[in-house]
Amino acid sequence: MLPGSKLPSVTFQTRVRDEAVGGPNPYRWQEMTTEDYFGGKRVVLFALPGAFTPTCSTYQLPGFEKGFADFQAMGIDAIYCLSVNDSFVMNQWAKAQGLENVQVIPDGSGEFTRRVGMLVRKDNLGFGLRSWRYAAIVNNGVVEAWFEEPGLADNHGEDPYGVSSPETVMAWLMDAAKGAAA
């Protein structure tokens, strides 16, 4: 997406903990919209091919999680990790990663990912439809900066990583802050 583009209006099906449900699985369905996540906030959104996958779990997600305070200092209100996985998978991945700062967004049907032009086939890995790896800075639902890995294609033989890294996004924020101060 180009800077200045408005994010598509999508409803995400999420599972949230609710002790009122009781029992061994106290979760209920809750619809969350693009507006719920992005309205009135400046956020970092990053998307990746799948929960529990190596690059995502080892570098990208932990980097954003550990750097949260630094991102906050640069005017970021929240960091969201989106994947074409259902809420059950995303919640378990967040738990396994010990997330306290990054929030996960389940795009189980791939609707948001399709509408931002990042839905690709990963049949070569047995994944089906997934997100291409990217990151964005989004201000009140409008793309401020877009960081897309090179080579967007179905069944890509590799999983490029670098352009959407926490380090790259932070460098952009720092440069933008210097420009605003000048």
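Taking the criterion of being within 18 Å of residue 158 (Cα to Cα), open to solvent by less than 40 Å² (accessible area, probe 1.4 Å) and small (Gly, Ala, Ser), the residues of the stretch 82-134 that qualify are 83, 128, 131.
Every condition in (1) out of contact with any Cys (no Cβ under 7 Å at 6 or more places or on another chain); (2) at pLDDT 95 or above holds for residue 127 except the one numbered (2). The number of residues in the stretch 18-62 being of a type in the set (S, T, N, Q), more than 25 Å from residue 129 (Cβ to Cβ) and within 13 Å of the chain's Cα centre (by Cα) comes to 0.
Determine which single condition residue 58 fails, assuming it passes every other condition in (1) open to solvent by 20 Å² or more (accessible area, probe 1.4 Å); (2) among the β-branched types (Val, Ile, Thr); (3) modelled with pLDDT of 95 or more. Here residue 58 meets the rest and fails (3).
Restrict the check to the stretch 32-55 and report whether at least one residue is farther than 25 Å from residue 125 by Cα, surrounded by 13 or more Cβ atoms within 10 Å (Cβ to Cβ), of a type in the set (Ser, Thr, Tyr) and touching a Pro at 6+ places or on another chain (Cβ under 7 Å). Checked the stretch 32-55: at least one residue is farther than 25 Å from residue 125 by Cα, surrounded by 13 or more Cβ atoms within 10 Å (Cβ to Cβ), of a type in the set (Ser, Thr, Tyr) and touching a Pro at 6+ places or on another chain (Cβ under 7 Å).
Annotation: of all residues in the stretch 11-31 being basic (Lys, Arg) and surrounded by fewer than 16 Cβ atoms within 10 Å (Cβ to Cβ), the one that is farthest from residue 121 (Cα to Cα) is 17.
For the stretch 1-42, a tally of residues being modelled with pLDDT of 95 or more, out of contact with any Leu (no Cβ under 7 Å at 6 or more places or on another chain) and among the aromatic types (Phe, Trp, Tyr) returns 3.
Figure legend. Inter-residue proximity from the stretch 104-125: first residues in contact (Cβ under 8 Å) with a residue 60 or more places away in the chain and more than 25 Å from residue 64 (Cα to Cα), second residues among the polar types (S, T, N, Q) and assigned to a strand (DSSP E or B), beta-carbon distance below 8 Å, spacing 6+ or different chains. No pairs are indicated.
Residues satisfying the criterion are absent from the stretch 144-166 (criterion: open to solvent by less than 10 Å² (accessible area, probe 1.4 Å), in contact with a Phe, Trp or Tyr (Cβ under 8 Å, 6 or more places away or on another chain), without any contact (Cβ under 8 Å) to a residue 60 or more places away in the chain and not in a loop (DSSP other than H, G, I, E, B)). Do we have residue 112 as in contact with a strand residue (DSSP E or B) (Cβ under 6 Å, 6 or more places away or on another chain), modelled with pLDDT of 95 or more, hydrophobic (A, V, I, L, M, F, W, C) and in a helix (DSSP H, G or I) here? It is false that residue 112 is in contact with a strand residue (DSSP E or B) (Cβ under 6 Å, 6 or more places away or on another chain), modelled with pLDDT of 95 or more, hydrophobic (A, V, I, L, M, F, W, C) and in a helix (DSSP H, G or I).
The values are calculated or read from the model by the stated rules, or taken from the named source; none is laboratory data. The structure presented is a predicted model; accordingly, all values stated were derived computationally and were not measured. Ideal geometry is used to build each Cβ from the backbone, glycine not excepted, and the neighbour counts take in all protein chains shown. Just the protein is used for accessible areas: all its heavy atoms, side chains included, with ligands, DNA and RNA removed. Shrake-Rupley method; radii C 1.70, N 1.55, O 1.52, S 1.80 Å.
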